[in-house]
1. Tilt of helix 71-83 relative to the longest C-alpha principal axis of the chain, in degrees (0 to 90, nearest 10)?
2. On a 0 to 90° scale, report how tilted helix 53-65 is relative to the longest principal axis of the chain, with both axes built from alpha carbons and the result rounded to the nearest 10.
3. Using just the Cα positions, wrap the chain in a convex hull and report its mean projected area in square nanometres, one decimal place.
4. Given axes a ≥ b ≥ c from the Cα gyration tensor, I'd like to know whether the range 119-189 is rounded (a/c under 1.5), prolate (a/b larger than b/c) or oblate.
5. Give the relative contact order (percent, whole number) for the chain; include only Cα pairs under 8 Å separated by 6+ residues.
6. What ranking of 15, 100 emerges when the number of other C-beta atoms within 10 Å of each C-beta is taken as an exposure proxy, fewest first?
7. Over the range 37-109, what is the relative contact order in whole percent, taking alpha-carbon pairs under 8 Å and six or more residues apart?
8. What does the highest-first list of 123-134, 176-187, 64-75 look like by mean Cβ count within 10 Å?
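Derivation of every value follows stated rules applied to the coordinates shown; laboratory data play no part. Remember, it's a predicted structure, so these values are computed and weren't measured experimentally. Heads up, the Cβs are rebuilt from the backbone with ideal geometry, glycines too, and the neighbour counts pull from every protein chain shown.
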C-alpha cells in the first residue's frame, strides 16, 4: 500500500470511474479540486520581489517541487535563503501575514477545476474527505465559497500535518486501508499516503 497507482490528467466525471472500487477517498485541495497552484506560487514570489532574481527563482523551483508543503514551513525556509541567516519570529510572522493578505486577494480569481462538481456528485455516496496544507479556517471558507463543503465528512487543514490527519481519520472514522485512496498532486501527499499505508493517486493539472 501507499504506492503511486496512476497519474490522472484531471479529476472529472470520466476519470472518477477509476475510483469506483474505493469506499473512502481523501482529496488534497489546491491543484486537485481548486485551480490555485499558480496563484499560490505568485503569492510566495510576491514576498521576495525586493531580492535578487536568484531568490525568486529559488522560491519558484522549491514551491513547485514541494506542492502540499505548508506555508508555515516554506516561508521561514525562503526567508532564511533570502536573508542568508535564520529569520526572526517577527520577520516570519510579518511575511506570513503579508502572504495571507496577498493570497486572499489573488484567490478572488480562483475557480474549481472544470468537472469538479460533477465528479464530487458522482462520488457523493462514498466517504469523502479533504486533507490540505491550507490553514483550517481558510480551507473551510473556500470550500463553502465554492459550495462543495457538504460533499465531505471532514475538511482538514493545517497546522496539523497530512500524515497526522490520515492517522486521526483511521481511528476516528474507522476507514479501511484496503479501500481508501488519497488523491493529491504533490510529493507531500504521496509521503503522507505512504506513511499511512494507503493507496495514492496522482493528479496532474498542468496547463499547456
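1. Its long axis makes an angle of about 30 degrees.
2. 10 degrees
3. 11.6 nm²
4. Details: a/c = 1.57, a/b = 1.07, b/c = 1.46.
Verdict is oblate for the range 119-189.
5. Numbers: 318 pairs, mean separation 81.9, N = 208.
Reported relative contact order: 39 percent.
6. Numbers: 15 16, 100 13.
Listed from fewest to most nearby Cβ atoms, that is 100, 15.
7. On the way: 41 pairs, mean separation 29.3, N = 73.
Contact order relative to length: 40 percent.
8. On the way: 123-134: 21.1, 176-187: 19.4, 64-75: 17.2.
Answer by packing, highest mean first, reads 123-134, 176-187, 64-75.
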